[in-house]
Amino acid sequence: MLLLLAAGYLSIVSMFTNDGFRFRRWFALVSWSSLPVVVALLASLVNLAISDPTHLPAEELNPLSFRNLLGLDVTGSDFSAVMLQYSDPTSLWALGLMIFGYRQWTGRSLEKYAL
């Protein structure tokens, strides 16, 4: 569902900027650029397989999260705590691939797309 929303957003932006790319191409870009997230999903599956799932909190499910990689004890619900708990290097990798793909296809500057 998130892939469809991202591809829809990019196709709407493309319609306003006259890039000439349709939804199908944007969906392909979003799908291929999100493949690094599969690494995090596989790591979570391995973590579930070797751990006791009845005693595994949701925060420790993804072993690649910045919270788990850095060994931080994050308490509270502020933005930085949530980002450390639920983001990981694979999501940043996927975002970087999407930015690079958009830049290659449209020839626009990195600053224009990232903002």
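The values are calculated or read from the model by the stated rules, or taken from the named source; none is laboratory data. All of these numbers come straight from a predicted model, not from anything done at the bench. Using ideal geometry, Cβ is built from the backbone for each residue, glycine included, and neighbour counts are taken over all protein chains shown. Protein only, heavy atoms only, side chains kept; ligands, DNA and RNA dropped before computing areas. Shrake-Rupley method; radii C 1.70, N 1.55, O 1.52, S 1.80 Å.
Structure notes:
- Ligands, DNA and RNA aside, Thr17 has an accessible area near 50 Å² when probed at 1.4 Å.
- Potential extension, Trp105-Leu35 segment - 0.36 nm per residue separation minus Cα distance: 23.3 nm
- Computed from label points 7 Å out along Cα-Cβ, the spacing between Arg22 and Ser51 is 4.5 nm.
- Given their separation in residues at 0.36 nm each and the Cα-Cα distance between them, Leu61 and Tyr86 gain 8.0 nm when the chain is fully extended.
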